[in-house]
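Chemist: What follows is a single structure, and I will ask about it in a moment.
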Amino acid sequence: MTTHPEIFRWRDWADPVRPVQREVLTSQPAGDELGHADRHKPPLLFVPGYGHGAWAFAENWLEHCATRGYSAYAMSLRGHGDSGSAPHTTLRAYAHDVVQVAARLPRQAVLIGHGVGALAVGRALARYPARAGVLVAPVFGGFGTAMAALLANPAGTIPAVFGGRLGLRRGQLFGRGLPANQAREYDKRVGPNRRAPLVPWQLLVTRRTERPVGDAPVLVVGSPDDKVVPRRSLQKVARRYGGAPLLFPGMGHDMMLDSRWREPVDAILDWLDKPHH
Amino acid sequence: MSYDSRRAGPAGSDGDAYPWRAAAPTERAHNVCVIGAGAAGLTAVKNLREYGFGVDCYERETGVGGAWNWRHDRSPVYASTHLISSKPFTQFPDFPMPDSWPDYPHHTQVLAYLERYFDHFGLRDHIWFGTEVTQVSPTQDGGFDVTISGARGGGSDRTQRYAAVVVANGHNWSPKLPSYEGMTDFQGEIIHSSQYKDAAQLRGKRVLVVGAGNTGCDIAVEAAQQATRCWHSSRRGYWYAPKYVYGRPADQINDLVYALRLPLRLRQFLFHRTLKRTVGDLTRFGLPEPDHKVYETHPIANSQLVYYLGHGSITPVPDVARFTRDSVEFTDGRVVQPELVILSTGYLPRFEFLAPELLNVDAEGRPRLNLHTFSPTHPSLAVAGLLQPDGGVFSLMHWQAVMIATWLQLRDQAPDKADRYWRRHRGETGLRFNKAKVKQSTRHWFEVSHVEYLRAVDKTLREMEAA
């Protein structure tokens, strides 16, 4: 038999995460205001990662999910996008933000996280019984990820070690297929994360994420040409959840902003359409 | 009575639309029956579903929320009811209350929360409203025949067979009424707190509130603001914990101390010291010195009672000795003349649809269950929510439901192992899950420390999972 989730959450009981205002964007399938949406299609909640806000998913994926009949939502973690920020922001606060938004959705949701957002989703899955979880180019931290970031962008990464902001370069995020002017425009929107000096350190020493509650199935999606997440990390994360990563060669880290954004999101929706949940 | 085809009765198979009309019990033999759709029932349905069980839940009212639904005639809530445990302890661990809600939500928010839980996890298809369970009797094969009828007298009885039954009928709806000498001759009005709904009932009256539980203290505080006089009768001195200490909800500070795994005596010392420093010496207000340590009675969380004592709007009095035609005499000989007496004397658990021996009921009428949950004689019978914890109860109900689901799954998947487990543990009834020596009273036999109880649940789950 499988083991039960952790019962004792002393930290959350005695020292709850500080609340913030959260930005949530949505795209609904046509006719949903009349209640025609497919009852069997769960709502989707997209969680962007470091430096990205809800806008990153509103750009292409939200609308596309809605046209395929899903209610799609995208949120901004605290310190990102139009969400508020609070002192002492940690990965625990990110996971808290995800569970808070998920529990406000009308029905049991699918959590889809990107980058550090995927780690927040991984932790949220251990708290909230999602219908399924999808980890897109997941940054689960550890030494390997840190070295990859250092090699690809030393100037952006080193300040974070000393509590400064973690910078991300265009070349790290986008594949070659994205037109240069588009990439420049997105790059301008990828902002620093406000007031979370602890998070990069936490990423370095991150603990193993707990098993999802309610046995939610988990899919890992990534690219072997991702400059942020090495292929080995993708495989490691997928193995943790008992599978192999679904790979899209040639794409950059920001798969949802890539010129080929349609391919991964269609693969995710196809996986969700299958009747295994 | 007409149903549409999708909801043709839980027994509705495709072939025969109304098999339950037949005299013989219809088969839901692989399903679990949950009785009641309050907080305990809802989390039982949700967690049993998550473990793959088919579930039929019967609810006598037309909505969810049980005691927390003020529309229900058995609901004990009054207009001003707020939670007495803060959000992190009250909420279900896998479905947090919104960040935008206060530390101590109002009862209408609690109901909204339960309704959201019901919708979010799609429980609607598993709950039968307006349906009352009148009889649960064990069958030869280890299951149960459950007899149900329309709660408002509509529809005929029908009986269905289930593999297991989870009783979640609540324990705060059947008033416990004390009897005092001369009570029947009293000309003023006497009501039980279950009939207290709104502060308007107190306006301009001389009011006596009997009982210093959380409800009694709440009503005394309202009487202090609305009534012309308020006497508050308690039979012993209590520890009145404020809702906030050191700028934080008191239960969060309490758990900080728990988390350090300090011994009970040290925790009691710290608690006493905190109360002495913040609330102060209550005997100054004429209250008796507590005759027990904290954790030895159900905690009272009320910051305002002491405030109004200090303003002279509440007069503390001891236990009632007798009633006369127009007055009430207390054990210290004092006599007062109230117009309205509110008995905040609590509730008693009741299980009318079950033979007492199924729940191992003792001479005093208390079910003696394993982990306050499992019947020691019928392995497929469980009670959910029959707990008086020193904190929020929803989280305990959740883990209780997980434990019931894990147990039923073990019985289903590995009957031999389940049998061995059962033989080893069935006798462990009447355990306390409370290191403190709890004072005798009619409800304190199921008073548990949330930490001790969850540790026992954790240990049980580990053992079942390893079996």
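The values are calculated or read from the model by the stated rules, or taken from the named source; none is laboratory data. All values reported here derive from a predicted model rather than from experimental measurement. Cβ: placed from backbone, ideal geometry, glycine included. Neighbour counts: every protein chain shown.
Chemist: Kindly establish whether B:LEU111 is in contact (Cβ under 8 Å) with a residue 40 or more places away in the chain and either of a type in the set (Lys, Arg) or closer than 21 Å to B:VAL32 by Cβ (or both).
Modeler: Considered against the rule, which asks whether it is in contact (Cβ under 8 Å) with a residue 40 or more places away in the chain and either of a type in the set (Lys, Arg) or closer than 21 Å to B:VAL32 by Cβ (or both), B:LEU111 comes out as no.
Chemist: May I ask you to verify whether B:VAL207 is closer than 17 Å to B:GLU339 by Cα, modelled with pLDDT of 95 or more and either in a helix (DSSP H, G or I) or touching a strand residue (DSSP E or B) at 6+ places or on another chain (Cβ under 6 Å) (or both)?
Modeler: Yes: the conditions hold for B:VAL207.
Chemist: Something else: State all residues of the stretch B:245-297 that are basic (Lys, Arg), in contact (Cβ under 8 Å) with a residue 24 or more places away in the chain and under 25 Å from B:HIS232 (Cβ atoms); if no residue qualifies, say none.
Modeler: B:LYS293 - this is the single residue of the stretch B:245-297 that is basic (Lys, Arg), in contact (Cβ under 8 Å) with a residue 24 or more places away in the chain and under 25 Å from B:HIS232 (Cβ atoms).
Chemist: Please indicate, with yes or no, whether at least one residue in the stretch B:110-119 is modelled with pLDDT of 95 or more, crowded, with 22+ Cβ neighbours inside 10 Å, under 17 Å from the mean Cα position of the chain (by Cα) and at positive phi.
Modeler: Looking for residues that are modelled with pLDDT of 95 or more, crowded, with 22+ Cβ neighbours inside 10 Å, under 17 Å from the mean Cα position of the chain (by Cα) and at positive phi, one finds none in the stretch B:110-119, hence no.
Chemist: What single numbered condition from (1) under 29 Å from A:ALA146 (Cα atoms); (2) away from chain B (no Cβ under 14 Å); (3) touching a Gly at 6+ places or on another chain (Cβ under 6 Å) fails to hold for A:LEU111?
Modeler: Failing condition for A:LEU111: (2).
Chemist: Please list, ordered by first then second residue, the pairs with beta carbon atoms under 6 Å, 6 or more apart or interchain, first in the stretch B:116-127 and facing chain A (nearest Cβ under 7 Å), second of a type in the set (D, E, K, R) and surrounded by 20 or more Cβ atoms within 10 Å (Cβ to Cβ).
Modeler: Close Cβ pairs satisfying both conditions: B:PHE121/B:LYS46.
Chemist: Testing B:ALA164 on (1) within 14 Å of chain A (Cβ to nearest Cβ); (2) over 18 Å from the mean Cα position of the chain (by Cα); (3) of a type outside the set (Lys, Arg), one condition comes back false. Which one is that?
Modeler: Against the list (1) within 14 Å of chain A (Cβ to nearest Cβ); (2) over 18 Å from the mean Cα position of the chain (by Cα); (3) of a type outside the set (Lys, Arg), B:ALA164 comes up short only on (1).
Chemist: Still on this model: Which count do you get for residues in the stretch B:421-465 that are assigned to a helix (DSSP H, G or I) and under 21 Å from B:VAL402 (Cβ atoms)?
Modeler: Summing the residues that are assigned to a helix (DSSP H, G or I) and under 21 Å from B:VAL402 (Cβ atoms) in the stretch B:421-465 gives 21.
Chemist: When the stretch A:46-60 is examined, which residues are found to be touching a helix residue (DSSP H, G or I) at 6+ places or on another chain (Cβ under 6 Å) and aromatic (Phe, Trp, Tyr)?
Modeler: Within the stretch A:46-60, A:PHE46, A:TYR50 qualify.
Chemist: What helices (runs of 4 or more DSSP H) lie completely within the stretch B:223-332 and have 2 or more residues being among the charged types (D, E, K, R) and surrounded by fewer than 21 Cβ atoms within 10 Å (Cβ to Cβ)?
Modeler: Qualifying helices (runs of 4 or more DSSP H): B:264-278.
Chemist: If you scan the stretch B:386-409, which residues turn out to be of a type outside the set (S, T, N, Q) and modelled with pLDDT of 95 or more?
Modeler: B:PHE394, B:LEU396, B:MET397, B:HIS398, B:TRP399, B:ALA401, B:VAL402, B:MET403, B:ILE404, B:ALA405, B:TRP407, B:LEU408
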